[in-house]
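Any read-out appearing in this document is the output of simple, stated calculations on the displayed coordinates, not a laboratory observation. Being a predicted model, the structure only gives us computed values, none of them experimental. Counting neighbours? That spans all protein chains shown, and the Cβs are built from the backbone with ideal geometry, glycine included.
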Amino acid sequence: MTSLPITLTINGHRHELEVDPRVTLLDLLRERLDLTGTKKGCDRGQCGACTVLVDGNRINSCLALAVSHDGANVLTIEGVARGEELHPVQAAFIAHDGFQCGFCTPGQIMSTLGLIAEGQAGDDPERIREGLSGNICRCAAYGGIVEAVLEAQEQLAKADRRTAA
Amino acid sequence: MRDFDYVRPATIPDAIAAAARPGSAYLAGGTNLLDLMKGGITSPERVVDISRLPELNRVERLDDGSLRIGALVRNADLAHDTAFAKAYPAVAEALLSGASAQLRNAATVGGNLLQRTRCSYFYDTASACNRREPGTGCDAIGGENRLHAVLGWSDACIATHPSDFCVPLVALDAVVEIEGKQGRRHVTLEEFHRLPGETPQRENVLEPGDLIVAVRLPAEAASFAANARYLKVRERTSFAFAVVSAAAALVVDSGKIRAARLALGGVAAKPWRARSAEAVLLGADANEATFASAADAALADASPSGDNAFKIELARRIVVRALTSALAGTPERIPALPASPFSSIPGARHDA
């Protein structure tokens, strides 16, 4: 199969690419664009290490063909911090020991950003746990992650109030 | 993953023409198809990407009061649609109990109906599987089969259908709208999936090129909104397929059951409508004795296909509990752990 042309906006940068239709979004990010923050864990949609936001929605990039997402807006872990300033979710993960070896953490953080944007969990720890159950971490940082999500939501709400005021 | 031709048709007729050729597969959310392709379980020569076909991502109320859900509506979008969850709470609960948020954000309504079995022998290309490769036998029979079918199975295949979403849908008389070379037709979800018989590879009534364009819920489906639940037992609290699940929907008036719907998941190769149980429920007093009789009726034809006799008793208990939960009333909001039997009714918690 010949390669097909696609356009993707990744972390605000526009990329025009030729891709083999078999290439997943995950492999494109890692192998072609050197955005290796997004991790390949199970490669079958079960561990969540490859989570990215596509047009604002968190998905498993391992189960997404790049060609099928032609024109999409993709946010990866590399696009989350503002320069040297960590995103409140990243800062909260560090503060609450939710940040472990770095293999599952990028996916956990992207999944948390998606969870907060979905607005379904609120401050209910059980809803946060269910909402992040697509991200598996054998370091068992889960308790710290729930604390981090609660604090990050508070920080983001405060920032929103400041912006509004 | 094997090489394939990728096409992205702009219209439904073009999609049907492209997919009618042998060796074609439709791609929507891709959450199941890509997994199968990576494992070499399926190797389509042509992938027909329907994810951008117009008009298939809408939910609309029709003049006859039925709800038409486009095949490309995402599972998460449907479950989080407040009006939808209010009218069809058991369906929303089933959707939110399935998979993970990432998968629900990608998976589609039409794709969910076509989800393949999660039988581990089907997924293992070194094993014999009549469903994957007709005529090779079934290694699940005599193998690790404690999660396999207890209803409607055959000597050729004992796999189960994995969907949560389809269970309340089949209980509520959902209809599948199919567009094909011969035009548009409607098939009830109950008739859509096939039992394995001698041809487990034929999982549903679709012909080459046939495209699911929508799923319809008839007007009556919303009449159960006050007393409808989905319950799912699984081997971990979230992000797991059902060992057994049940959707129960009741209309109760002065203690009598005026209408009843019941379906089971995880027990057969299709979402299992328990019509014999519904017959027991209809007109009877709404109490635990009635529910126990209904559960007996639902499982009357069940038999183990291996090490899974426990599923028959488990299914009976889940039926009673689903009916008890439905009678207690649909919760205002879907619980934090959707479809968990541990958060829905008094006395049913681990720590109680």
Note to self, chain A gives a 222 nm [θ] from helices alone (DSSP H runs n ≥ 4, -39500 (n - 2.57) apiece, / all residues, nearest 500) of -10000 deg cm²/dmol
Inter-chain Cβ neighbour average for residues A:131-139, partner chain, 10 Å | 4
Across bins of 5 angstrom width beginning at 0, how are the C-alpha pair distances of chain A distributed, in whole percent?
-> 2, 9, 18, 22, 19, 14, 9, 5, 2, 1, 0, 0
For segment B:221-326, what's the radius of gyration and Dmax over Cα atoms, in angstrom?
-> 13.4, 43
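I need the shape label for the protein assembly as shown. Rule: rounded when a/c is under 1.5, else prolate if a/b > b/c, else oblate, with a, b, c from the alpha carbon gyration tensor.
The shape class here is oblate.
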P(r) of chain B over all Cα-Cα pairs, binned every 10 Å from zero, in whole percent | 6, 26, 35, 24, 9, 1, 0
For chain A, with a Gaussian network of springs between Cα atoms less than 10 Å apart, report the residue from A:Gly119, A:Gly56, A:Gly143 with the top mean-square fluctuation.
-> A:Gly119
Mind checking A:45-55 for the average number of partner chain beta-carbons within 10 Å of each residue's beta-carbon?
-> 3
Lysines whose Cα lies under 25 Å from that of A:Lys39, excluding same-chain neighbours fewer than 8 positions away | B:Lys38
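Given the DSSP H assignment, sum -39500 (n - 2.57) over each helix run of at least 4 residues in chain B and divide by its residue total; what's the result at 222 nm in deg cm²/dmol, nearest 500? Write down the numbers at each step before the final one.
Values: 13 runs with 96 residues, N = 352.
Taken over chain B, the calculation gives -7000 deg cm²/dmol.
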Of all the stretches in chain B, which is the longest one without any exposed loop site, taking GluC sites (Glu not before Pro) in a DSSP loop (any state but H, G, I, E, B) with at most 13 other Cβ atoms within 10 Å?
-> B:236-331
Using θ = phi - 60° and the Karplus curve 6.51 cos²θ - 1.76 cosθ + 1.60, what whole-Hz ³J(HN,Hα) does each residue of segment B:285-292 get, with Gly and Pro shown as x?
-> 5, 7, 8, 5, 5, 4, 5, 5
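Normalised by the empirical 2.2 N^0.38 Å for globular proteins, what value does the Cα Rg of segment B:77-224 take?
On the way: Rg = 16.6 Å, N = 148, 2.2 N^0.38 = 14.7 Å.
Output field value: 1.13.
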Alpha carbon Rg of segment B:1-52, scaled by the compact-globule rule 2.2 N^0.38 Å = 1.06
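Assuming 1.002 mPa s and 20 °C, estimate D for segment A:86-162 with Stokes-Einstein, Rh taken as the Kirkwood radius over Cα pairs, in µm²/s. Intermediate results must be reported in sequence, preceding the final value.
On the way: Rh = 12.2 Å.
So the translational diffusion coefficient is about 176 µm²/s.
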Largest-first principal axis extents, alpha carbons of segment B:66-127, Å | 47, 20, 19
For residues of A:60-70, the mean tally of beta carbons on other chains within 10 Å | 6
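Name the shape class, rounded, prolate or oblate, that the alpha-carbon gyration tensor gives for segment B:1-157, where a ≥ b ≥ c are the square roots of its eigenvalues, rounded holds for a/c under 1.5, and otherwise prolate holds if a/b is larger than b/c and oblate otherwise.
Values: a/c = 2.20, a/b = 1.30, b/c = 1.68.
It comes out oblate by the Cα gyration axes.
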Over what distance in Å are the Cα centres of segment A:1-68 and segment B:20-74 separated?
-> 20
Mind ranking B:103-111, A:122-130 by how tightly packed they are, going by the mean number of other C-beta atoms within 10 angstrom, highest first?
-> B:103-111, A:122-130
Arranged from highest to lowest average of other beta-carbon atoms within 10 Å per residue, in what order do the peptides B:228-234, B:135-141 appear?
-> B:228-234, B:135-141
